[in-house]
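What follows is calculated from the coordinates using simple rules that are stated; it is not laboratory data. Bear in mind that the values here come from a model prediction, so they are computed numbers and not experimental data. A quick note on method: Cβ atoms are made from the backbone with ideal geometry, for glycine too, and the neighbour counts reach across all protein chains shown.
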Ligand code: ADE
């Protein structure tokens, strides 16, 4: 089986990403072949003996900017092997990431990978290149490479690595086969339910006087469903 999504992360700090991506559900998603993650070290495309990837801004100002040449070379090397790959740029001025966007990306992955009929070849895996900027920013011309400029929210981080982790995590958990019991390829049907958050409890039924609502102990599935619906809020 080919993976549903390939993520190729262009970063100066692959060692910061690996421990998270190689743990827990994201490890399982890779181990089960549902996603594939590759790392490209931007330093390998750096200029000169120091493999430099940044420089000072024209017009003056503090800090260093990612320069075009290494970024273009890195993206072009990946696209040479897969021209369908789409570039995601984490940036504080991008479209703000939310559950609807994560669901739309996951749904695209499941729909392109389902052959319409047995004799029709499976469409190629969805492939996202996530370009992690660092330093104080990037040369504006880098945006010409970008298909999806994504902001994690109205605050500024030191780099694109945390956004890359969040984007990969929030898409991957929606893919069929990643979460326990969610084996359906019909992404919409389970992500609707997934979007409903209601209070949940596990044993013990009484913890230091904090009691689990009686209805949840009643065994009456109709009443439990009604209670959960009444106490649900959207995850967004
Ligand atoms: N890079 C720096 N800050 C960011 C943010 N809030 N979202 C995405 N990328 C960023």
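Here are a few things to note about the model shown:
- Scope segment 1-18; condition within 15 Å of residue 130 (Cβ to Cβ) and outside any loop (DSSP other than H, G, I, E, B); matching residues: 5, 6, 7, 8, 9, 10, 11, 14, 16, 17, 18
- Residues in segment 26-42 that are touching a strand residue (DSSP E or B) at 6+ places or on another chain (Cβ under 8 Å), under 12 Å from residue 173 (Cα atoms) and free of Cβ contacts under 8 Å to residues at least 60 places away in the same chain: 30 alone.
- Neighbours by Cβ (under 9 Å, 6+ apart or cross-chain): first from segment 82-103, farther than 17 Å from residue 162 by Cα; second near the ligand (Cβ under 8 Å from one of its atoms): 101/150
- Which listed residue, of 89, 47, is exposed (fewer than 15 other Cβ atoms within 10 Å of the Cβ) and touching a helix residue (DSSP H, G or I) at 6+ places or on another chain (Cβ under 8 Å): 47
- When segment 56-91 is filtered for residues that are within 16 Å of the ligand (Cβ to nearest atom) and not in a loop (DSSP other than H, G, I, E, B), the ones remaining, listed by number, are 65, 66, 71, 87, 88, 89, 90, 91.
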